[in-house]
Amino acid sequence: MDPNIKFIQGNEVCVEAALYAGLNFFAGYPITPSTEIAEHLAQKLPEQGGKFIQMEDEIASMAAIIGASLTGKKVMTATSGPGFSLMQEALGYAIMTEIPCVIVNVMRGGPSTGLPTSVGQGDVMQARWGTHGDHGIIALTASNHQDVFSITIDAFNLAETYRTPVILLFDEVVGHMREKLVVPEPGEIPIVERLRTSVKGGVDYHPYLPREDGRLPMSDFGGVHRYNVTGLYHDMWGFPSNNPSVVQGLHRHLNDKITNNVNQISRYKEYYLEDAECILISYGSAARSALHVVQERRPRGEKLGLLELQTLWPFPYQMIKEKCENAKSIAVVELNAGQVLRAVKRAVNDPEKVFLANRIDGVFITPVDIRNMLRFVQGRGA
Amino acid sequence: MAIKDYLRERFFPHMWCPGCGHGIVLNNMLRSIEQLGLSKNEIVMVSGIGCSSRISGYVDFHTLHTIHGRALAFATGVKLGLPELNVIVPMGDGDALAIGGNHFIHAARRNIDITAIVMNNRIYGMTGGQFSPLSGIGTMATTAPFRNIDHDFDVAELSKAAGATFVARTTTFHAKQITDIIKQAILHEGFSVVEILTQCPTYFGRKNREGSASNMMELYKKNTTPIGSQAKQENPELIERGILHEVEAPEYCNEYDKIIKAAMKGK
């Protein structure tokens, strides 16, 4: 059998993809349903000369990957809801200091300890606003193994391109489900390497002065440039500053570098949208059931379409507005009380035509669930 | 090189109060580095939040000023990422042992080759004089206006119990000893803890009627004694100075390198 064809769990796919993208440092803390990521990396990283460390908690895990990223490593941590909550302060630090890193959150039912072994998608808003202060953030997701593979690589590439943490919002179903993965040949998917400064030693290096294209060339710790990294507002040398123009400039930069590039960051898949009267919008594992409904109903002449979001943040408001212009109704299929629903309502011209098709009981949403809810939306209900 | 050559003058004046002991720690830490002949490019200073943590900004090394209490966790990532670097972590008593207590004991347990300098002024200075886990019973603070009923940690005993392989203590009065001890702490392969009693005349001194900065330093002279001295036997209340604990034990990054070797061979 082709060794590139695998039948594995989603969490293992994430590991394979991270290594393909050049991951060489991982710090983490065990938590269901993400633990397999740590277990597989504990085995695979040292085999390739990389490093794995199990930290004392998720706060420390997030801190350790930021430290390692500064030494030039490609870094990742993996967790689930409670651990993701603990990471929020250091996540904000990575945003402020523009340190590339990838955080995997295999979502389970929340809040609190919630449903450790069940599926949920309740961390969408936390990924956006979990850490304090205004900031831009990138969060990606996927519904099947081939996409988990490519979107994980995207996460590393975007983290390097925009020098920012990137969150991978997978969920328990995707993480634990087994299905086929075809591992691409090396080089088949392009990898973005870290942009390093060309400034020579002894020349004044400005670690926090973006180039014209907005990118910030880095210098690794241990190299010829010694500079300061701080979570305080800082000037182009990395020195703390409360000068209003410095503060405003950095604040703008941190937000703009993400929001001005929505189109470059946005990834989605569409099915039968051209003439769809009813559009399902979904993401992650829930999109699998949504796709099933669409594929089953289309041959019967029902004008159903699916827009599967892979970039959740920055939210593709404009794209959604355009795709949904002619739809009579829109149903957002998700495993929470309506977190993406809210964003979709803000995106479309007529929020009244947007409905929620969800489950919030820890049980995976089935095509039957979605069809039942659609009956109400289409006025054919009880 | 002169001490000045290790400073980022662009960053001055510093933000410490008149009489603060932290400048003495900074000066003598730089002397240790100078005497060891370390290159500035091979030193990373990682700090958290607080008055003491501002040290990292003032020195011309690779510097990482992080979030409250987590400096050792960031430092662990830096050290494991590039073990050839010398990683020094200056911390305040609250930063190291209240919010950062968990990271402190686990860094010690791993025996990762990091030098932790606990600048103990027994108070939260930056936020204006609240009691810390090292203030001790009976002290006064803005959050202990009647008197403090919180017991304090013994940093040295805690570090030793947690697995630190080098533990030492001195004070800002004993400036030359700071240089000597930090030198040995940096050279030690493993997790080193140096506790330095450093005065905060603005908050601890004022709240606890210890007088001026020089009075507080004289108290360090009066209340401490070299380890193993006759004076300690006569007066057990005295705080011992010097290297309190030093043992050889496998260092984390070295051990991980062995893991990599074994894993790559098995492949």
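The values are calculated or read from the model by the stated rules, or taken from the named source; none is laboratory data. Just so we're clear, the structure is a prediction, and the values are computed from it rather than from any experiment. Cβ: placed from backbone, ideal geometry, glycine included. Neighbour counts: every protein chain shown. Accessible surface areas use protein heavy atoms only, side chains included; no ligands, DNA or RNA. Shrake-Rupley method; radii C 1.70, N 1.55, O 1.52, S 1.80 Å.
Here are some notes:
- Shielding of peptide A:82-93 by partners, expressed as the average count of other chain Cβ atoms within 10 Å per residue Cβ, is 1.
- Environment charge at A:Asn349 (Cβ cut-off 15 Å; Lys +1, Arg +1, Asp -1, Glu -1): +2
- Remark: mean inter-chain Cβ contacts per residue of A:43-49 equal 5, using a 10 Å Cβ-Cβ cutoff to other protein chain atoms.
- Using C-alpha pairs under 8 Å with a sequence gap of at least 6, the mean separation divided by the residue count of chain B gives a relative contact order of 18 percent.
- For the protein assembly as shown, the share of DSSP beta bridges that are antiparallel, to the nearest 5, is 25%.
- Angle between chain A longest axis and helix A:10-20 axis [Cα atoms, degrees, rounded to 10]: 40 degrees
- Mean separation of Cα contacts under 8 Å, 6 or more apart, over the residue count of chain A: relative contact order %: 16 percent
- Going by accessible surface with a 1.4 Å probe and the largest first, A:Met96, B:Met140 read B:Met140, A:Met96.
- Residue-averaged [θ]222 nm for chain B, counting only DSSP H segments that reach four residues, each worth -39500 (n - 2.57): -10500 deg cm²/dmol
- On Cα atoms only, tilt of A:244-259 relative to the major axis of chain A in degrees: 40 degrees
- 10 Å Cβ shell holding at most 12 others, DSSP loop, trypsin sites (Lys or Arg not before Pro): longest site-free stretch of chain A: A:1-199
- Legend: P(r) of the range A:1-160 from all alpha carbon pair distances, 10 Å bins from 0, whole percents, reading 11, 43, 38, 8, 1, 0.
- Selection of GluC sites (Glu not before Pro), the range A:222-280, meeting DSSP coil and at most 12 other Cβ within 10 Å: A:Glu274
- Most mobile of A:Gly109, A:Gly81, A:Gly201 in a GNM of chain A (Cα contacts under 10 Å): A:Gly201
- With θ taken as phi - 60° and the Karplus curve 6.51 cos²θ - 1.76 cosθ + 1.60 applied, the whole-hertz 3J(HN,Hα) list for the range A:101-107 is 6, 10, 10, 9, 10, 8, 5 Hz, x standing for glycine and proline.
- Centre separation in Å (Cα based) which lies between the range A:116-166 and the range A:10-28: 14 Å
- Residue of A:Asn157, A:Asn263, A:Asn11 that the Gaussian network model of chain A assigns the largest fluctuation, springs spanning Cα pairs under 10 Å: A:Asn263
- Annotation: amide H-H contacts under 5 Å for B:Ile239 (H modelled 1.01 Å from N, sequence separation of 5 or more, or interchain): B:Thr224, B:Thr225.
- Charge context of A:Arg359, other residues only, Cβ under 15 angstrom, K/R +1, D/E -1: -2
- Restricting the calculation to alpha carbons of the protein assembly as shown gives Rg and Dmax of 27.4, 97 angstrom.
- Only protein heavy atoms count here; under a 1.4 Å probe, B:Met15 has an accessible surface of about 70 Å².
- Residue by residue along B:85-91, Cβ atoms of other protein chains within 10 Å of the local Cβ number 1 on average.
- Mean-square fluctuations from a GNM of chain A, with a 10 angstrom spring cutoff on Cα atoms, peak among A:Ser329, A:Ser241, A:Ser118 at A:Ser241.
- A Cβ-based charge dipole, computed about the Cα centre of the range A:5-182 with Lys and Arg at +1 and Asp and Glu at -1, lands at about 260 debye.
- Total accessible surface hidden between A and B, rounded to 100 Å², 1.4 Å probe: 3500 Å²
- Remark: the range A:270-377 carries a charge dipole of roughly 180 debye about the Cα centre, counting +1 on each Lys and Arg Cβ and -1 on each Asp and Glu Cβ.
- Whole-Å distance, taken between Cα centres, linking the range A:313-382 and the range A:230-270: 32 Å
- Checking every one of the GluC sites (Glu not before Pro) in the range A:144-229 against DSSP loop status and a limit of 14 other Cβ atoms within 10 Å picks out A:Glu188, A:Glu193, A:Glu212.
- Rounded to the nearest 20, the Cβ-based charge dipole of chain B about its Cα centre (Lys and Arg +1, Asp and Glu -1) stands at 420 debye.
- Dipole of the range B:3-266 [Lys/Arg +1, Asp/Glu -1 at C-beta], most positive-end residue of B:Ile114, B:Gly228, B:Gln199: B:Gln199
- Couplings for the range B:228-233, taken from phi via the Karplus curve 6.51 cos²θ - 1.76 cosθ + 1.60 with θ = phi - 60°, read x, 6, 4, 4, 5, 5 Hz in order; Gly and Pro are left as x.
- The range B:53-109 and the range B:160-206: distance between their alpha carbon centers, rounded to Å: 15 Å
- Excluding ligands, DNA and RNA, the accessible surface per residue across chain A is 38 Å² with a 1.4 Å probe.
- Phi angles of the range B:17-29 translate, via the Karplus equation with coefficients 6.51, -1.76, 1.60 and θ = phi - 60°, into HN-Hα couplings of 5, x, x, 4, x, 4, x, 5, 5, 4, 4, 6, 5 Hz per residue; Gly and Pro are given as x.
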